[in-house]
1. Pick from segment 87-97 the residues that are without any contact (Cβ under 8 Å) to a residue 60 or more places away in the chain and buried (at least 19 other Cβ atoms within 10 Å of the Cβ): which of them is farthest from Cys25 (Cα to Cα)?
2. Out of Gln168, Gln190, Gln164, Gln109, I need the residue that is surrounded by fewer than 15 Cβ atoms within 10 Å (Cβ to Cβ) and within 30 Å of Phe42 (Cα to Cα). Which one?
3. Go through (1) surrounded by fewer than 14 Cβ atoms within 10 Å (Cβ to Cβ); (2) out of contact with any helix residue (DSSP H, G or I) (no Cβ under 7 Å at 6 or more places or on another chain); (3) of a type in the set (Lys, Arg) one by one and return the number of the condition Arg142 breaks.
4. Give segment 74-110 a look and list any residue that's over 22 Å from Ile161 (Cβ atoms) and not in a helix (DSSP H, G or I), or say none.
5. Could you list, ordered by first residue, the pairs with Cβ atoms under 6 Å in which the first is in segment 29-51 and more than 26 Å from Glu14 (Cα to Cα) and the second is crowded, with 20+ Cβ neighbours inside 10 Å and polar (S, T, N, Q), at least 6 apart or interchain?
6. Please go through segment 1-23 and pick out each residue that is among the hydrophobic types (A, V, I, L, M, F, W, C), closer than 27 Å to Val50 by Cα and assigned to a loop (DSSP other than H, G, I, E, B).
7. Could you please find all residues in segment 35-73 being part of a helix (DSSP H, G or I) and buried (at least 20 other Cβ atoms within 10 Å of the Cβ)?
8. Yes or no: Phe84 surrounded by 15 or more Cβ atoms within 10 Å (Cβ to Cβ), out of contact with any helix residue (DSSP H, G or I) (no Cβ under 6 Å at 6 or more places or on another chain) and under 27 Å from Lys32 (Cα atoms)?
Amino acid sequence: MSRFVILMYHMISEPITAAEVKYACPPRQFEKHIQMLLNNGFTPVSIESVENYYSQNTALPENSFLITLDDGFEDNYLNAFPVFKRYNIPALIYLATGSLGKTNQWMSQPTFTERKMLSWKQIKEMASQGIDFGSHTVSHPRLTEFDDDRVGKELSESKQIIEQQLGQECKHFAYPYGLLTEKTRELVAQAGFKTACSTRSGFNNIERDPLILHRIEVFGNDPAWKLKQKIKFGSNKAGLFFPLKYYFTRLLARLG
Ligand SMILES: [Zn+2]
């Protein structure tokens with residue numbers, strides 16, 4: 001059965017605090033990830049290919065991967081965009097629209113440092129060169145703590161401004177913090193989104209709900225071999241002994 005992975009990144013820059021190590025991938029490391037993927041027979045695909053796979057059952061290439069970046073940090077333009085251009089890789093950036101042109105105010109400081117977010121000018125330049133954009137709400141809230149009206153507003157307002165600014169339909173969404181309920185999913189569908197990414201780990205295949213897609217979280221300090229292993233096993237966990245544990249658990253499951 002054909003399956004594909006969606007990789008989740010946040011910042012593409014040097015981490016400054018300890019907490020950022022997980023979320024900030026140094027540009028050199030990011031490029032090594034891309035090189036590893038391309039050198040190992042993985043094929044980059046766009047969100048459009050993923051959408052068509054679900055809506056029209058069009059096949060995806062073997063070993064497909066989609067790169068997503070959450071939140072809309074300015075470093076995506078400064079450090080990731082040149083890499084996407086160099087290797088001709090499509091990518092999807094999820095925007096918390098209320099923070100654009102400002103900073104990451106929703107993140108607690110000093111655990112995280114204040115970082116600049118993308119401007120519409122940067123977003124438009126990237127959009128004109130093949131980068132896709134999705135909604136990540138307006139204010140990056142925990143949607144499961146909001147009533148339906150407020151959730152609906154977060155969804156429709158962010159969708160609308162992206163559509164106004166880019167002049168095309170905004171069809172893709174990512175749940176902040178990966179938080180969702182059945183109801184949240186329903187509201188995302190009602191708002192008109194065609195795909196939505198969670199933070200649940202694992203592969204995706206045709207049986208996966210396109211409004212609850214799974215992703216592999218790439219940590220900023222993952223060496224390329226670790227990323228390779230995460231993709232092989234469809235897991236956020238990786239390490240020298242992980243394959244042994246994985247096969248042993250599968251063996252036990254088969255015996256049981
Ligand atoms: Zn986020």
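FYI, it's all coordinate maths here, none of it is from the lab. In this text, all values refer to a predicted model and were calculated from it rather than measured experimentally. With ideal geometry, Cβ positions are generated from the backbone for all residues, glycine too; neighbour counts draw on all protein chains shown.
1. Residue satisfying both the conditions and the ranking: Ile89.
2. Gln168
3. (2)
4. Asn88, Ile89, Pro90, Ser108, Gln109, Pro110
5. Once the first residue is more than 26 Å from Glu14 (Cα to Cα) and sits in segment 29-51, its partners that are crowded, with 20+ Cβ neighbours inside 10 Å and polar (S, T, N, Q) give Thr43/Ser64; Val45/Ser64; Glu51/Thr195.
6. Of everything in segment 1-23, those that are among the hydrophobic types (A, V, I, L, M, F, W, C), closer than 27 Å to Val50 by Cα and assigned to a loop (DSSP other than H, G, I, E, B) turn out to be Met1, Ile12.
7. Leu37, Ile47, Val50, Tyr53
8. Against the criterion (surrounded by 15 or more Cβ atoms within 10 Å (Cβ to Cβ), out of contact with any helix residue (DSSP H, G or I) (no Cβ under 6 Å at 6 or more places or on another chain) and under 27 Å from Lys32 (Cα atoms)), Phe84 qualifies.
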